[in-house]
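The values are calculated or read from the model by the stated rules, or taken from the named source; none is laboratory data. What you see is a predicted model; the values in this text were computed from it and never measured. Every residue, glycine as well, gets a Cβ built from its backbone with ideal geometry; the counts of neighbours run over all protein chains shown. These area figures cover heavy atoms from the full protein model, side chains too; ligands, DNA and RNA do not enter into them. Shrake-Rupley method; radii C 1.70, N 1.55, O 1.52, S 1.80 Å.
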Amino acid sequence: MAAANHSPSSPYSCAKDSGPVIPTTSLVTFLERVQETAFQTYERSKFDHKDFIDLSLKFDLSTTVKAFDEISKTENGSVSTKDFEEFIGKWFKSAGEDLVYVEPMDFETEPYGFLPKVENPEVRAWALEVHGLWKKLSREVSSSVHDHPELHTLLPLPVPGMIPGSRFREVYYWDSYWVIRGLLASKMHETAKAIVTNLISLLDTYGYVLNGARAYYTNRSQPPLLSAMVYEIYNRTGDVGLVKKALPALLKEYQFWNSEIHTMIIHDAENCDHSLNRYYAMWNKPRPEASAIDKRFASKFLNVNEKQKFYRELASTAESGWDFSTRWMRNPSEFTSLSTTTILPVDLNAFMLRMELDIAFFAKIVGDDAIAEDFLTASHTRKKAFNSVFWNENMGQWVDYWLNYGAEPKEPQTWEAQNQNQNVFASNFVPLWIDLFNSDTPLVEKVTRSLQSSGLLCAAGIATSLTNSGHQWDFPNGWAPIQHMIVEGLWRSASTEARKVARDIAERWIRANYVAYKKTGTMHEKYNVEKCGEYGAGGIYRPQVPFHLHIFLG
């Protein structure tokens, strides 16, 4: 039974939001007012809410607020486009001005040993063009951010790094893993290490890696892949110093993800208790980067508690990286039924398993056998939880587990088969990425057959879901991280059948990227997997370019 069918139709009817909230800054609060005015001033099609929350001040906040309050308004409180644009030009620096272009320290036009397995001259020429995009995406935080942080929502970072591109002008957490994989393919090891340095600085400052390097992202993290980044760099460079620097930070991050708000205990059919993880943002207001839109969605709720609960679900879904998808909705046709905090996501727990294995590996490298043993034990305990809580034998997939609504984190819940979400999502196959699973050949072959019959495999790659909802993490969109994790998991196995499927998916995906690049001259963040060479759509912002992620050319 799909979760949507056994869940209450009005999940917020008795909701009371009492979770933690990380305070925002006065600047962010003011910029939300500016964003709201922009939302009322411009046509929806010409409005990007994030542009206004990313503005930086030319003068101090109190003076700017006073000037804003003095803008002439009509009887209904609106501002003319002319007056609003004059105000923006006079009092703000444009979004993105607080980031400065910097030449990548280790970029070479054609690095020695670059993609040795790519022999086709056309594909190789394309790969070198994509490699050249690093020069367009390299940035460092301006001196103004360091000297006057109160004028910026951008957070100071110690060293230069890479941004995704377009409206995403800052460092993002889980995107950085695939950026690093691409940098390593480009032999840009020092730049890859710099990204880890920046993420560790955020972790040291806030106690967790932020969703992104902005003041409005301090209330949530993103899928925890920092350990995987360190592992990939170490695997390529043998840099023990990086491991020594990262290990204390990773232990801190592990503690954050195992704090009370992020964990739930499931009591399984064999009388065992499993502590598993969920997304849970420390926020119960509109997301500042989309405040004007969030308020419109929340307008259907009649009381403050319902609104706060919905706002926390919005931010928690953003923490998942899958913002947005019917995967998180109790009613797939109703966006306001988001209920991410009541789901134990299979992929998040796979990332936690990866973190446990990585920390055990790093601890062994630095000679701390006690930590290594503790985390190896934790990884085997979590693997048992995968078998008990997430695995669905009939489907041949691991599936998300829905918590009973309203349950407290301290109260163990008894596992029920009906709480497994039996809808098919690409995330159901992400555990293949973990070596504890892809090393089990019979299991891999069962999951491979399930993937082949799932309906997710399309002409240009793996669809994110089977539901064409208009949300960007649903059908027919495909995303590079999903392709990569599933393909790499299948490829690492000893199964001839799985490796053949992996190669086929990779070839379809690369072909789609190549055709789209030839048509548009750039890389895209998502693609339509039904149509080779068509980029994806949906969501609350326009498709973004350039969006440089690892695309299996290695």
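Over the stretch 26-93, with the other protein chains present, what is the accessible area per residue in square angstrom, probe 1.4 angstrom? Mind showing how you got there, number by number?
On the way: 3510 Å² over 68 residues.
Here the residues of the stretch 26-93 average 52 Å² of exposed surface.
How much net charge surrounds Leu27 when only other residues with a Cβ under 14 Å from its Cβ are counted (Lys, Arg +1; Asp, Glu -1)? Working shown, then result.
On the way: positive: Arg33, Lys58, Lys93, Arg214; negative: Glu32, Asp54, Asp60, Asp98, Glu150, Glu289.
Around Leu27, the charge tally is -2.
What whole-number value in Å² describes the accessible area per residue of the stretch 96-256 for a 1.4 Å probe? Kindly include the intermediate steps, with their values, before the conclusion.
Numbers: 5930 Å² over 161 residues.
Here the per-residue accessible area is 37 Å².
Grab every C-alpha pair in the chain, bin the distances at 10 angstrom width from 0 up to the longest one, and report whole percents.
Bins of 10 Å from zero give 3, 17, 28, 29, 16, 5, 1, 0 percent of pairs.
For every helix of n ≥ 4 consecutive DSSP H residues, a contribution of -39,500 (n - 2.57) applies; sum these over the chain, divide by its total residues, and give [θ] at 222 nm rounded to the nearest 500 deg cm²/dmol.
Taken over the chain, the calculation gives -13500 deg cm²/dmol.
Size of the dipole of the chain about the Cα centre, Lys and Arg at +1 and Asp and Glu at -1 on the beta carbon, nothing else charged, in debye to 20?
Working: 57 positive and 67 negative charges, 185 e Å.
Charge dipole of the chain: 880 debye, to the nearest 20.
Antiparallel DSSP bridges in the chain: what percent, to the nearest 5?
Values: 28 of 30 bridges.
For the chain, the DSSP antiparallel bridge percentage is about 95.
When the accessible area of the stretch 26-93 is split by element with a 1.4 Å probe, what percent falls to carbon and sulfur?
Details: 1830 of 3510 Å².
Exposed carbon and sulfur together represent 52 percent of the surface.
Does the stretch 288-337 come out rounded, prolate or oblate by the C-alpha gyration tensor, with a ≥ b ≥ c the root eigenvalues, rounded set by a/c under 1.5 and, if not, prolate when a/b is larger than b/c and oblate if not?
Values: a/c = 1.74, a/b = 1.23, b/c = 1.41.
Because a/c hits 1.5 or more and a/b fails to exceed b/c, the stretch 288-337 counts as oblate.
If you average the alpha carbon positions of the stretch 60-88 and of the stretch 276-338, how far apart do those two centres end up, in angstrom?
30
Please report, as a whole percent, how much of the solvent-accessible surface of the stretch 96-256 comes from carbon and sulfur atoms (probe radius 1.4 Å). Present the calculation step by step, with values, prior to reporting the outcome.
Values: 3060 of 5930 Å².
So the carbon and sulfur contribution to the accessible surface is 52 percent.
Starting from the Cα of Val304, step 7 Å along the direction of its Cβ; do the same at Lys519; then give the gap between the two resulting points in nm.
Here the modelled spin labels are 5.1 nm apart.
Can you tell me the length gained on complete extension of the stretch Lys58 to Glu497, counting 0.36 nm per residue apart and subtracting the Cα distance? All intermediate terms of the calculation are to be shown ahead of the outcome.
Numbers: separation 439, 0.36 × 439 = 158.04 nm, distance 6.02 nm.
Answer, rounded to one decimal: 152.0 nm.
Would you please put 239-247, 490-498 in order of how densely packed they are, using the mean number of other Cβ atoms within 10 angstrom per residue and starting with the highest? Walk me through the intermediate numbers first.
Numbers: 239-247: 17.2, 490-498: 18.9.
Averaged packing, sorted descending, gives the order 490-498, 239-247.
What residue among Ile180, His146, Ser166 has its Cα farthest toward the positive end of the dipole of the stretch 138-187, where the charges are +1 on Lys, Arg and -1 on Asp, Glu, each on the Cβ?
Ile180
Holding the Cα-Cα limit at 26 Å, pick out from Lys309/Lys384; Lys93/Lys135; Lys187/Lys245 the pairs that are longer than that. Don't skip to the end; give the middle numbers.
Values: Lys309/Lys384 32 Å; Lys93/Lys135 24 Å; Lys187/Lys245 22 Å.
Beyond 26 Å: Lys309/Lys384.
Place a +1 charge on the Cβ of each Lys and Arg in the stretch 263-384 and a -1 charge on the Cβ of each Asp and Glu, then give the dipole magnitude about the Cα centre in debye, rounded to the nearest 20.
Numbers: 16 positive and 17 negative charges, 160 e Å.
That gives the stretch 263-384 a dipole magnitude of about 760 debye.
Accessible area per residue for the stretch 424-553 in Å², computed with a 1.4 Å probe and the full protein assembly in place, what is it?
Values: 4540 Å² over 130 residues.
Result: 35 Å² per residue.
Between beta-carbons, use under 9 Å as the cut-off and find the net charge around Gly536, counting Lys and Arg +1, Asp and Glu -1. Mind dumping the intermediate values first?
On the way: positive: Lys526; negative: Glu525, Glu534.
Net charge around Gly536: -1.
Where in the chain are the helices, taken as whole DSSP H runs, whose Cα atoms extend 27 angstrom or more along the long axis and whose Kyte-Doolittle mean reaches at least 0.5?
Numbers: long enough: 346-366 (30 Å, 1.14); 496-520 (36 Å, -0.89).
Correct list, ordered by number: 346-366.
With a 10 Å radius around each residue's Cβ, average the other Cβ atoms per peptide and rank 24-35, 435-446, highest first.
24-35, 435-446
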